[in-house]
Ligand SMILES: Cc1cc2nc3c(=O)[nH]c(=O)nc-3n(C[C@H](O)[C@H](O)[C@H](O)COP(=O)(O)OP(=O)(O)OC[C@H]3O[C@@H](n4cnc5c(N)ncnc54)[C@H](O)[C@@H]3O)c2cc1C
């Protein structure tokens, strides 16, 4: 291909910072040829137009904390690094609304909002991520029980489609039903529909006070027997989290209470849990983090070694799950007993066939009442399992993908059903 | 006015559906000619009343076979003409799908058919200490299917969110007549979230799993009377700035209060330029704490009278005026338009001043009722339909209020939907590219545009074939130019 007219030249002429990709830029082992560093939505669009003209596949990366989740892209020519899309565009404290560019680190946003006594009530389980990455991966934390997940707090979005079209949906008011809610579709879409350029969120005031009731050491049966009353209690906990590092190791449950009169409400929770629970000002160290062997340091080697699963089910299935498939392994479990969303990690040395059998056993046990998604796994495991399991509406999803990205150039192959 | 295609279709429906489920008699069809937006009317070609999802699916497939458009209808309380029928089409009404299929308190959910009313869900679980949170004022009659389609809100959505935040699963009949289950548990694109609020344009919901919420331990309702709307507005801002998220903050201006007084004798404080209703709910200790703060804020911002409900009856008395507000203006005006716009809360004073200017400019009165906590305005534009030209002037004022909302970064609808009523405002709020992109979703679900066509989007668009869709492995991978692991 002629260097003066090829895609490299076209990218260079797009008016966007471009650099040749290096080995560190690989996405789950797939090396891009160029890295683009757009600073504005228009610059993203310029990159996308060139990519469309030259049939280049595009993967978007924020801080890269979950870039190795899902399947590796079938191909990747251009990596769009959102690091330079790092502006908080608008924060009108009186409206409890913030509009941010996709590359803003979650921690930067948290600090800026805290300065005004507010927060985006999402607590992503991985440190170091960006707002765009958080959205695209659709990650939720403990307080989803009270505040919902990213899709519930997102009120507006600007995206750039595969052909360079810039489109927005929603707006900057919390209440708004005009038009389709594209933000919902892009949340958790793993970059397969287009590039998220900026996002607008509904905020909450920082809680006036908080207290955490921690019960360390009980048996799982004791925990599971006590928790339903806590979840339903009028003390209105924001989160009920379990830490079970191993089937027969130490275990703990922690209940977060936020808002006015938190101390008093925490006492009510403690009474429900029983005498051994203690009230602390802050949640324990493990709170809101991924279970240990699956935990991947940001920017660390992709894959991270272990197998990381997410189980989404309903509370009534938890006892059966713990007595069944979860009891039989060396799995570390952490997650919400209130929302029945658990993350499970298997150590890196787990035999791939055994890991695959474990996933199947979980799925069989939950049947219709739950889903088991393999968030991240080393290749030998990933090859043996269907990462996503049952996906309702997959045919419709394919049709959406076909409309948004007919040439399959956006993170091809990474998502459900090979989308 | 018999249409041969519809006639043949009616015969097929008769074969397919239970007795009495197909309506072609013009007198009976007339019942369905409009929804809550009564000045848009059209006689439906055929009305069908299916009883099961399979019957809905079969009906939709038949429509597809004959290329006839269909419109879903729940209780017909929609205020944007979303359920306005097509004379050349079929109206699929869910009123015979009214069963509550399952109540599952340990998992805080209920599974219901789409025709079940919003309030019926709460009534089914109230005694056990649960409720269904979204509470549109029409909740006694509106259907949960209609709520899903409109992403309905209510006075309490400031704290608890909208319909979309409370739907855990849907069974839908797609526009090509397939039954598809969508669950909040599913990985993949959030089709559930995309479907909610799509106003019947992406298919018909035939089964709905809703989240049930715990009835709060304590509820406190306070009514504060202010000399002016500015005073009330200041109180709202101060409450929010104090980090309090009440269950509801509602405001009514003097004219709206006058109407409510005339209609239901709500006995709000005399001489109020604005009445604010603040409801706090949650754990008792928290509510007590916040209540003290709200009361202090109202006094500091100039409330001249504060009433606190001491019982459920007193709470109902406070809400009575607010809940009757829409219908009440009928007492002070022969006709009116219910508007639904949203502005950022901080822009409320400017927008209200703008509405005042419009009243003067056009000689049209506007009664303001709003969900002040989230900036959702319901201006009631009053006019005399017998006075020449007044209806047009009122419509102009109503439209210009939406312009004000858009100018201030708001929305043309907070809860009533776009329907037929506001589709022409969509291009003011969204660019051509935005609308084209939304259309991609439409085309994925309904490439033939048979499901509630002509609603939401201003101009009909053709979907066309998906250009150059490649299936399977990409050629670059196949040719070895890209690696796949
Ligand atoms: C007095 C009054 C007060 C109101 N207050 C509020 C309020 O506080 N908040 C609020 O949000 N709204 C309010 N509304 C508006 C209205 O009640 C809501 O929009 C409600 O959700 C409509 O429900 P419905 O069953 O009447 O739907 P319909 O009017 O029958 O239909 C509405 C739309 O939903 C579609 N639809 C209906 N059923 C289905 C289904 N099963 N699947 C797919 N699409 C379907 C229709 O095609 C149509 O587009 C009020 C209306 C009135 C008359």
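May I ask you to list the residues in segment A:20-42 that are more than 11 Å from residue A:164 (Cβ to Cβ) and in a helix (DSSP H, G or I)?
Matches in segment A:20-42: A:23, A:24, A:25.
Could you list, ordered by first residue, the pairs with Cβ atoms under 7 Å in which the first is in segment A:355-378 and assigned by TED's automatic domain parsing to the domain that holds residue A:320 and free of Cβ contacts under 8 Å to residues at least 60 places away in the same chain and the second is surrounded by 24 or more Cβ atoms within 10 Å (Cβ to Cβ) and assigned to a helix (DSSP H, G or I), at least 6 apart or interchain?
A:355/A:381; A:356/A:381
Of all residues in segment A:367-383, which are in contact with a helix residue (DSSP H, G or I) (Cβ under 8 Å, 6 or more places away or on another chain), more than 9 Å from chain B (Cβ to nearest Cβ) and in a helix (DSSP H, G or I)?
Of everything in segment A:367-383, those that are in contact with a helix residue (DSSP H, G or I) (Cβ under 8 Å, 6 or more places away or on another chain), more than 9 Å from chain B (Cβ to nearest Cβ) and in a helix (DSSP H, G or I) turn out to be A:380, A:381.
Going through segment A:384-395 one residue at a time, which ones are facing chain B (nearest Cβ under 9 Å), at negative phi and assigned to a loop (DSSP other than H, G, I, E, B)?
The answer is A:387, A:388, A:390, A:391, A:392.
Taking segment B:134-157 on its own, how many of its residues are within 14 Å of another protein chain (Cβ to nearest Cβ), part of a loop (DSSP other than H, G, I, E, B) and within 6 Å of the ligand (Cβ to nearest atom)?
4
Can you pull out every residue in segment A:224-277 that is within 13 Å of chain B (Cβ to nearest Cβ), part of a loop (DSSP other than H, G, I, E, B) and farther than 19 Å from residue A:144 by Cβ?
A:234, A:260, A:261
Can you tell me which of B:123, B:51 is within 14 Å of the ligand (Cβ to nearest atom), surrounded by fewer than 22 Cβ atoms within 10 Å (Cβ to Cβ) and either more than 18 Å from the chain's Cα centre (by Cα) or not in a strand (DSSP E or B) (or both)?
Checking each option against the conditions leaves just B:51.
Looking at (1) in a helix (DSSP H, G or I); (2) modelled with pLDDT under 95; (3) more than 9 Å from chain A (Cβ to nearest Cβ), which one does residue B:477 not meet, given that it meets all the others?
(3)
Kindly evaluate residue B:103 against the criterion of being within 14 Å of chain A (Cβ to nearest Cβ), within 9 Å of the ligand (Cβ to nearest atom) and not in a loop (DSSP other than H, G, I, E, B).
Answer is no for this residue.
Name every residue in segment A:131-153 that is under 14 Å from residue A:199 (Cβ atoms) and either over 14 Å from the mean Cα position of the chain (by Cα) or assigned to a helix (DSSP H, G or I) (or both), in order of residue number.
A:131, A:132, A:133, A:134, A:135, A:136, A:137, A:150, A:151, A:152, A:153
Answer yes or no as to whether residue B:36 is modelled with pLDDT under 95, near the ligand (Cβ under 10 Å from one of its atoms) and closer than 28 Å to residue A:177 by Cα.
So residue B:36 fits the description; yes.
Determine which member of the set A:117, A:141 is over 30 Å from residue B:347 (Cα atoms) and either crowded, with 22+ Cβ neighbours inside 10 Å or not assigned by TED's automatic domain parsing to the domain that holds residue A:231 (or both).
Just a single option satisfies the conditions, and that option is A:141.
On the basis of being modelled with pLDDT of 95 or more and closer than 14 Å to residue B:3 by Cβ, does residue B:50 make the cut?
In short, no.
Identify all residues within segment B:320-348 that are under 21 Å from residue B:258 (Cα atoms), away from the ligand (no atom under 13 Å from the Cβ) and in a helix (DSSP H, G or I); write none if there are none.
B:320, B:321, B:331 - these are the residues of segment B:320-348 that are under 21 Å from residue B:258 (Cα atoms), away from the ligand (no atom under 13 Å from the Cβ) and in a helix (DSSP H, G or I).
Condition (residue is assigned to a strand (DSSP E or B), away from the ligand (no atom under 11 Å from the Cβ), farther than 21 Å from residue B:281 by Cα and within 13 Å of chain A (Cβ to nearest Cβ)) applied to segment B:192-213: is it met by at least one residue?
Yes: segment B:192-213 contains one or more residues that are assigned to a strand (DSSP E or B), away from the ligand (no atom under 11 Å from the Cβ), farther than 21 Å from residue B:281 by Cα and within 13 Å of chain A (Cβ to nearest Cβ).
The values are calculated or read from the model by the stated rules, or taken from the named source; none is laboratory data. In this text, all values refer to a predicted model and were calculated from it rather than measured experimentally. We place every Cβ from the backbone using ideal geometry, glycine too, and count neighbours over all the protein chains shown.
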